[in-house]
1. Being more than 9 Å from chain A (Cβ to nearest Cβ) and in contact with a Gly (Cβ under 6 Å, 6 or more places away or on another chain) is the requirement here; does B:Pro51 meet it?
2. Filter the stretch B:68-100 for residues that are closer than 26 Å to B:Pro137 by Cα and basic (Lys, Arg) and give the result.
3. Can you report the number of residues in the stretch B:188-208 which are over 21 Å from B:Glu105 (Cα atoms) and open to solvent by 30 Å² or more (accessible area, probe 1.4 Å)?
4. Evaluate the stretch A:235-242: report whether one residue or more is in a helix (DSSP H, G or I) and either touching a Ser or Thr at 6+ places or on another chain (Cβ under 7 Å) or closer than 21 Å to A:Arg346 by Cβ (or both).
5. In this structure, is B:Gly56 touching a Ser or Thr at 6+ places or on another chain (Cβ under 8 Å), more than 14 Å from chain A (Cβ to nearest Cβ) and either farther than 28 Å from A:Val136 by Cβ or open to solvent by less than 50 Å² (accessible area, probe 1.4 Å) (or both)?
6. Report yes if A:Thr130 is in contact (Cβ under 8 Å) with a residue 12 or more places away in the chain and either of a type in the set (Lys, Arg) or surrounded by 24 or more Cβ atoms within 10 Å (Cβ to Cβ) (or both), otherwise no.
7. Given (1) within 10 Å of chain B (Cβ to nearest Cβ); (2) crowded, with 20+ Cβ neighbours inside 10 Å; (3) within 20 Å of A:Gly71 (Cβ to Cβ), where does A:Asp141 come up short, assuming only one miss?
Number of protein chains: 2
Amino acid sequence: MQGLIEEMFLPAFGKGESAPSVPHDSAVLPIDSGRMAFTTDSFVVHPMFFPGGDIGRLAVYGTVNDLAMAGAKPLGLSAGFILEEGLEIETLRRVVESMAVAAAEVGVRIVTGDTKVVDRGKGDGIFINTAGIGAVPEGIDVSPSRVEPGDAVLVSGDLGRHGIAVMSVREGLEFEGALESDCASLAGLVEAMLAAGRDVHCLRDLTRGGLAAALNEIARHAQVGIELEEAAIPVAEPVAGACELLGLDPLYVANEGRLVAFVPAEAAEKVLEIMRSHTGKKGAGPICRDGPKGTSHKLDLSPFSSFSSAAIIGTVTAERPGTVELRGVLGGGRIVDLLSGEQMPRIC
Amino acid sequence: MQGLIEEMFLPAFGKGESAPSVPHDSAVLPIDSGRMAFTTDSFVVHPMFFPGGDIGRLAVYGTVNDLAMAGAKPLGLSAGFILEEGLEIETLRRVVESMAVAAAEVGVRIVTGDTKVVDRGKGDGIFINTAGIGAVPEGIDVSPSRVEPGDAVLVSGDLGRHGIAVMSVREGLEFEGALESDCASLAGLVEAMLAAGRDVHCLRDLTRGGLAAALNEIARHAQVGIELEEAAIPVAEPVAGACELLGLDPLYVANEGRLVAFVPAEAAEKVLEIMRSHTGKKGAGPICRDGPKGTSHKLDLSPFSSFSSAAIIGTVTAERPGTVELRGVLGGGRIVDLLSGEQMPRIC
């Protein structure tokens, strides 16, 4: 364990001026008074490597994104690894390097960590937990309780790429055209939105359960109705095609680099412009694109890194509090419910 | 998942004034400026229930103790669960309640969490990650880099109870007399030590690898020698007996509620007195003592909750930097090395 820490984790995560010279039970960070966001997520995605990302990137982006959804600027991450006995050290190294690249890209450091090993058959390669702390700037109040009738509902890009990218590897599917996970940090985008001085009422990243799960939760907790325009919801052609093939509804498919934003109607066009012009960058480092053994799959892997497909997709109403309704192209409406089971397991 | 959160986690963890009324991606906590400690640990102990504790208690105490070792007062914990498909909900409930009791006892809240489910055979019941944040009071500087020749070395109680308690269940051993895990919060003890105004140079909780691992790390990083008096190291009779039987060295056996402290020689007696008179309490709530199916084992389970066996066990020297030496009862010395493998896997 000592060896792992000194030969792999410290070189990957310990760079930078404030790197602790002496390992200690806790990282100690200087902080300003105010409000601090604190969040955690575990990652068990299967397979660990998929088009456009891997479990290491997800573990960094996922927690950074949860902090960003509270309007917080990430200060530091923790990383807890649960490794299955027999795991190839090279696989771990690739994941750790991927985390380091993602963290550098976001500008956040992994400041504390832990590793446990479980017997063969009692884990599945690598599970990662990350927790994160972030500072919420003065005057920022981004929360589901601020959602109100009249708010516009925006998504930061087309839906379902992550879920379909992971399923495609798992099911051995081959698609024509580009299909990569959307996994990315949303911290930069949120910073740009807040810096523009727009009053953002609520943000939510779209992960497990997709747009449908996020909107249902918010509608329920804010006790508002949400009306979506089906025609306005962006879904890329290969995702739409794969969903048809697999019998999935893109509204429920997981994303890992998309958010839904609630803003006052009068700010909607301006926020949309900020989203569309924002360029999410995917670090300079290597993106892990195939499995540890060099298994490959016939997918166009051109980097996916833009929010240019962002859209205004609906409005908040006072009617039917707690429900999400989808208005079809022909005018009919249907309720978008919470699924009782998981459409796709182990997607993050 | 929604059901789990609302029916199990929120009722157990969401009590108290500052409980968030609306679930959100991050918890947001008010903080004062200064220094913040941040730490994480994953828990994979097998079996999940053992004499004197369970995985839930360990997950709370372990992270609280890591914060305390930096002199920090715990502010909040996160909890990430990885559940194996097929886990009995009643087992999860017992673990969650146990965490709630332990957190209440320490006076810290579990403010954010996450749950993932993995397929049967890809996990092992319940894995828990906790991360914690804590405030380091002004003027407190507890760190391995402050250890210096002349410092006295103290342990807060007799060694090896946790490791032997877990092994006893795993191996189906029966012992005469009391043998419970020492698992406990050290936050109260550390608070009492620091409140007495003694200049505590360094604290380290004794977990995996026991006293030997902790001292070797500190000796190496502080570049000092550590000399221990074998006769002064407290080991309870049933632990000593079990170690003999199992071929284990108590210096390497895991603890979950013990610390080693480095203090100036002139403060040693006073700190020892504080330790011995401190009563670690083990909450009012139920302690899970046997497996989920009511499997029991013939152990005297009288609550173990005292630091009365604390002792001064050695001194720091300038000689042989980086090494730990044990002086035997007859005067001979031997080097206490780091083990290259794990003496006991999945002990926490």
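The values are calculated or read from the model by the stated rules, or taken from the named source; none is laboratory data. No experiment lies behind these values; they were computed from the predicted model shown. We place every Cβ from the backbone using ideal geometry, glycine too, and count neighbours over all the protein chains shown. The accessibility values were calculated without ligands, DNA or RNA, using every heavy atom of the protein model including side chains. Shrake-Rupley method; radii C 1.70, N 1.55, O 1.52, S 1.80 Å.
1. Details: more than 9 Å from chain A (Cβ to nearest Cβ): yes; in contact with a Gly (Cβ under 6 Å, 6 or more places away or on another chain): no.
Criteria not met by B:Pro51.
2. B:Lys73
3. The number of residues fulfilling the criteria is 5.
4. Step one: filter the stretch A:235-242 for residues in a helix (DSSP H, G or I), giving A:237-242.
This time we only want the ones that are either touching a Ser or Thr at 6+ places or on another chain (Cβ under 7 Å) or closer than 21 Å to A:Arg346 by Cβ (or both), so: A:239, A:242.
Within the stretch A:235-242 (the criterion being in a helix (DSSP H, G or I) and either touching a Ser or Thr at 6+ places or on another chain (Cβ under 7 Å) or closer than 21 Å to A:Arg346 by Cβ (or both)), the answer is yes, since at least one residue qualifies.
5. Values: touching a Ser or Thr at 6+ places or on another chain (Cβ under 8 Å): yes; more than 14 Å from chain A (Cβ to nearest Cβ): yes; either farther than 28 Å from A:Val136 by Cβ or open to solvent by less than 50 Å² (accessible area, probe 1.4 Å) (or both): yes.
Yes; evaluated as a whole, the condition is true for this residue.
6. On the way: in contact (Cβ under 8 Å) with a residue 12 or more places away in the chain: yes; either of a type in the set (Lys, Arg) or surrounded by 24 or more Cβ atoms within 10 Å (Cβ to Cβ) (or both): yes.
Against the criterion (in contact (Cβ under 8 Å) with a residue 12 or more places away in the chain and either of a type in the set (Lys, Arg) or surrounded by 24 or more Cβ atoms within 10 Å (Cβ to Cβ) (or both)), A:Thr130 qualifies.
7. Every listed condition holds for A:Asp141 apart from (2).
To keep it simple, each residue is scored yes or no on (1) in a helix (DSSP H, G or I); (2) more than 13 Å from chain A (Cβ to nearest Cβ); (3) over 19 Å from B:Leu67 (Cα atoms).
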| site | (1), (2), (3) |
| --- | --- |
| B:Glu148 | no, yes, yes |
| B:Ser185 | no, yes, no |
| B:Asp199 | no, yes, no |
| B:Ala219 | yes, no, yes |
| B:Glu244 | yes, yes, yes |
